[in-house]
């Protein structure tokens, strides 16, 4: 059986609550998939502060934002200023990032870290977990209340979220799910600010 890969969103949790959420399923390593690993409102989740806190609790930390982040530097990953998850998934860096996670899961209980509490609002589920699952990984999302959700269940929620839960006579379930991923990916993909725009 494939080793599980977990995902978690730090949201606005206190550090103690976040560590508790990691301890419950026995996480021993965090792979940070944020492109910009900093939080203005929750500085305890800034890359250096978080790495130090995890180290104190014997949890390893790896930054994979360059490989698996949602704001790639590669120009070919953009269409009209918006990130294309399909293009991003084809890059060598992304594929290398997936391999690192899969190899890491053989020795650790790995949790992919991003910011959003809800997996379906985050690229960790709509992009990274999708492709890990396609490679045979068993992906499990750690939700904000501490419960665990298999990625297959998240996919069922995704179909409902984008109003594709109803089966179509002339469409395979696989194609319907692919459309659901594409629709949600378009909704959540990062859009580069226009030059000179204030943010």
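The values are calculated or read from the model by the stated rules, or taken from the named source; none is laboratory data. Given the structure is predicted, the values throughout are model-derived calculations rather than measurements. Every residue, glycine among them, receives a Cβ derived from its backbone with ideal geometry; neighbour counts consider all protein chains shown.
Out of 87, 187, 124, one residue alone is farther than 20 Å from residue 62 by Cα, surrounded by 15 or more Cβ atoms within 10 Å (Cβ to Cβ) and either under 16 Å from the mean Cα position of the chain (by Cα) or at pLDDT 95 or above (or both). It is 87.
Tally time: how many residues in segment 76-96 are without any contact (Cβ under 8 Å) to a residue 40 or more places away in the chain and either part of a loop (DSSP other than H, G, I, E, B) or closer than 18 Å to residue 181 by Cβ (or both)? Residues in segment 76-96 being without any contact (Cβ under 8 Å) to a residue 40 or more places away in the chain and either part of a loop (DSSP other than H, G, I, E, B) or closer than 18 Å to residue 181 by Cβ (or both): 9 in total.
Restricting attention to segment 53-75, the residues that are in a helix (DSSP H, G or I), modelled with pLDDT of 95 or more and exposed (fewer than 12 other Cβ atoms within 10 Å of the Cβ) add up to 2.
When residue 157 is tested against (1) touching a strand residue (DSSP E or B) at 6+ places or on another chain (Cβ under 9 Å); (2) in a helix (DSSP H, G or I); (3) under 23 Å from residue 67 (Cα atoms), exactly one condition is not met: (3). Scan segment 175-194 and tell me whether some residue there is in contact with a helix residue (DSSP H, G or I) (Cβ under 8 Å, 6 or more places away or on another chain), assigned to a loop (DSSP other than H, G, I, E, B) and in contact (Cβ under 8 Å) with a residue 24 or more places away in the chain. Yes, that holds for at least one residue. In segment 128-143, of all residues being in contact (Cβ under 8 Å) with a residue 24 or more places away in the chain and out of contact with any strand residue (DSSP E or B) (no Cβ under 9 Å at 6 or more places or on another chain), the one that is farthest from residue 68 (Cα to Cα) corresponds to 136. The one condition from (1) in contact (Cβ under 8 Å) with a residue 60 or more places away in the chain; (2) under 30 Å from residue 46 (Cβ atoms); (3) part of a helix (DSSP H, G or I); (4) out of contact with any strand residue (DSSP E or B) (no Cβ under 6 Å at 6 or more places or on another chain) that residue 146 does not meet is (3). Residues that are in contact with a helix residue (DSSP H, G or I) (Cβ under 8 Å, 6 or more places away or on another chain), closer than 21 Å to residue 151 by Cβ and not in a helix (DSSP H, G or I) occur in segment 98-110; there is at least one. Every residue in segment 8-40 that is assigned to a helix (DSSP H, G or I), crowded, with 17+ Cβ neighbours inside 10 Å and touching a residue at least 60 places away in the same chain (Cβ under 8 Å), please. Answer for segment 8-40, where residues must be assigned to a helix (DSSP H, G or I), crowded, with 17+ Cβ neighbours inside 10 Å and touching a residue at least 60 places away in the same chain (Cβ under 8 Å): 21, 22.
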